[in-house]
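Below: one structure, written as structure tokens.
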Amino acid sequence: MKKIEAIIRRSQFEEVTEALHEVGIDFFTYWDVTGVGNEKSGAVYRAVVYETRLIERRTISFVCRDKFVDAATSAIVKAARTGELGDGKIFISTIDESVRIRTGEKGPESLYIKE
Amino acid sequence: MDLAALTASIDTFWILITGALVFFMQAGFALVEAGFTRSKNTTNILFKNLMDFCIGTIVFWLVGYGIMFGAGSGIFGAFEPFSEVNHAPAGIPNLAFFFFQLVFAATAATIVSGAMAERTKFSSYLIYSAFISMVIYPVSGHWVWGGGWLAGMGFHDFAGSTVVHSVGGWLALVGAAVLGPRIGKYKNGKANAIPGHNILIGTLGVFLLWLGWFGFNPGSTLSLSNPELVARIFVTTNAAAAAGGIATLAFTWIKYGKPGLSMTLNGVLAGLVAITAGCDTVTPGAAILIGLMAGVLVVLAVEFFDNVVKIDDPVGAISVHGINGVFGTLMVGLFAKENGITGLFYGGGTDLLVTQFIGVGAVAAWSIACGLVLFYGIKFSIGLRVSKKEEENGLDYYEHGEKAYNS
């Protein structure tokens, strides 16, 4: 089981969601984040001209079985890319254990619903 | 009912209804100040705006009204506890006139909370509120509206650019200067932007103030016996507000490349403040000119105080009320035409202009001197500013135990 965490642009969120759905990833968690980086934009607020290095993005996180990792990663890369600096990153880590709270199931079986 | 009684009845109604409109400006001030400051301090700023009116009501009734309108000398009225001596125009109940004057006093008081926002101790602010409504405002008010020495000189401030707005503005200046800037406002000598948290509330507040000004300016006629005058005041008031907005829009658009709502809202208020002194005597065309100039002046003033003098004024109160209060009063010396006075541009010579300068200067000196004594007095007794921890985490939690936003 692997955890895939991707920081993407908020504008690409819908595309990424659909692309993940197409490769079989229907469940994930997301939250809005603000970061600091090299991107700069000028702004003016009430006669003060200032540079802002605050960057807004969205983090998507989900745990999936090993066989889905490559397809999911490619889907995210394809859907989230705009070609500009700041498109984001994907981090993949290994998950030791997974438990479904409702039934107590463990392991890869807890990650999907058997038909 | 005979005609005189009917007239008195209508005029009393006029005074009271416009007084209620001016009262409602308290809501406008509260919303503007809340919208232009951060959410962690919202409960605190609303509370200050609520209490400066409550406290003002009591102390102006106890002492302030008498100081302002009592027969005394050219400098000081009289001690007339509980405002029982009649100072109303003929036929009008004393209490109606009292109420009208009260809401004007409260307007001056509430201007200061904006400049001192986000870092002033609540208890210290309450003490300040008592003093401005009890003494500071009534004394200078006496000079201009209470038959004092400036009135005797022919100084003209119809609805209070100097009496109300500049007093508030100067006290705001001193208060903000004695307080010092908010943490994080200045870094390495450069100003940072600290955006307000709710421009919706700020905008609504400005519209409420605009509406209230239709009580503030026309109500100062204290009578409906001259409908043409009242109508003209409505028009000049509105024209200056709109012109102020347009001027700020154009000026900031050119200067910064993008039009900004926050600054333009201040431009509208600047126009309103500037026209207040001469709304009865200038033409609608002159009102537009005054508003246009006010809209540019307020931007320059904000820049000056923010970047040059480095006095942190979160809502621009000093620039809107102080600077434009002075400006509007001086403009009367140039543009006065109707209602019995004549300014320089209409052949009236420079006498009026000189008188306006004197009045503006005297009230400024009085307000600044009082402000220094009051705010330094508070600073060196119970303290004026909250601690660093309280300021960084937000006044709502530490001063009130009540956050404005709980979800």
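The values are calculated or read from the model by the stated rules, or taken from the named source; none is laboratory data. The shown structure was predicted, so the numbers you read here are calculated from the model rather than taken from an experiment. Note that each Cβ is placed from the backbone with ideal geometry, even for glycine, and that neighbours are counted across all protein chains shown.
Overview of values
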| read-out | value |
| --- | --- |
| Cross-chain or 6+ apart pairs with Cβ under 6 Å, segment A:63-87 first and in contact (Cβ under 8 Å) with a residue 40 or more places away in the chain, then of a type outside the set (A, V, I, L, M) and in a helix (DSSP H, G or I) | A:ARG65/A:PRO108; A:ALA79/A:GLU15; A:ALA80/A:GLN12 |
| Among residues of segment B:184-207, those that are among the hydrophobic types (A, V, I, L, M, F, W, C) and either under 20 Å from B:LYS388 (Cα atoms) or within 13 Å of chain A (Cβ to nearest Cβ) (or both), counted | 4 |
| Condition broken by B:PHE13, with the remaining ones in (1) assigned to a helix (DSSP H, G or I); (2) among the hydrophobic types (A, V, I, L, M, F, W, C); (3) in contact (Cβ under 8 Å) with a residue 60 or more places away in the chain; (4) surrounded by fewer than 20 Cβ atoms within 10 Å (Cβ to Cβ) satisfied | (3) |
| Qualifying residue in segment B:170-192 (condition: in contact with a His (Cβ under 8 Å, 6 or more places away or on another chain) and small (Gly, Ala, Ser)) | yes |
| Cβ-Cβ under 6 Å pairs, at least 6 apart or on other chains, segment A:40-59 side more than 10 Å from chain B (Cβ to nearest Cβ), far side not in a strand (DSSP E or B) | A:ARG58/A:ARG10; A:ARG58/A:PHE13 |
| Residue within segment B:210-223 that is assigned to a helix (DSSP H, G or I), over 21 Å from the mean Cα position of the chain (by Cα) and at pLDDT 95 or above present | no |
| Enumeration of residues in segment B:369-407 that are without any contact (Cβ under 8 Å) to a residue 40 or more places away in the chain and either on the phi > 0 side of the Ramachandran plot or not in a loop (DSSP other than H, G, I, E, B) (or both) | B:ALA369, B:VAL373, B:GLY377, B:LYS389, B:GLU390, B:TYR398, B:GLY401 |
| Unmet requirement for B:LEU224, which otherwise passes all of (1) more than 14 Å from chain A (Cβ to nearest Cβ); (2) surrounded by fewer than 19 Cβ atoms within 10 Å (Cβ to Cβ); (3) closer than 17 Å to B:GLU33 by Cα | (3) |
| Top-ranked residue of segment A:65-84 - restricted to ones that are β-branched (Val, Ile, Thr) and assigned to a helix (DSSP H, G or I), ranked as surrounded by the most Cβ atoms within 10 Å (Cβ to Cβ) | A:ILE76 |
| Residue count, segment B:253-265 (criterion: assigned to a helix (DSSP H, G or I), more than 8 Å from chain A (Cβ to nearest Cβ) and touching a helix residue (DSSP H, G or I) at 6+ places or on another chain (Cβ under 9 Å)) | 4 |
| Residue that is part of a loop (DSSP other than H, G, I, E, B) and buried (at least 22 other Cβ atoms within 10 Å of the Cβ), where the choices are B:VAL315, B:VAL363, B:VAL298 | B:VAL315 |
| Matching residues, segment A:85-115, being in contact with a helix residue (DSSP H, G or I) (Cβ under 7 Å, 6 or more places away or on another chain), within 23 Å of A:GLY35 (Cβ to Cβ) and assigned to a loop (DSSP other than H, G, I, E, B) | A:ASP87 |
| Residues of segment B:255-302 satisfying the condition of being in contact (Cβ under 8 Å) with a residue 60 or more places away in the chain and charged (D, E, K, R) | B:ASP280 |
| Qualifying residue in segment B:226-242 (condition: polar (S, T, N, Q), farther than 14 Å from B:VAL273 by Cα, outside any helix (DSSP H, G or I) and out of contact with any Gly (no Cβ under 6 Å at 6 or more places or on another chain)) | yes |
| Selection status of B:HIS156, closer than 19 Å to B:GLU33 by Cα and either away from chain A (no Cβ under 14 Å) or surrounded by fewer than 24 Cβ atoms within 10 Å (Cβ to Cβ) (or both) | no |
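Conditions (1) over 17 Å from the mean Cα position of the chain (by Cα); (2) surrounded by fewer than 18 Cβ atoms within 10 Å (Cβ to Cβ); (3) at pLDDT 95 or above, marked per residue:
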{"position": "B:ILE58", "(1), (2), (3)": "yes, yes, yes"}
{"position": "B:HIS87", "(1), (2), (3)": "yes, no, yes"}
{"position": "B:LEU95", "(1), (2), (3)": "yes, yes, yes"}
{"position": "B:PHE100", "(1), (2), (3)": "no, no, yes"}
{"position": "B:THR110", "(1), (2), (3)": "no, no, yes"}
{"position": "B:MET116", "(1), (2), (3)": "no, no, yes"}
{"position": "B:THR120", "(1), (2), (3)": "yes, no, yes"}
{"position": "B:SER124", "(1), (2), (3)": "yes, no, yes"}
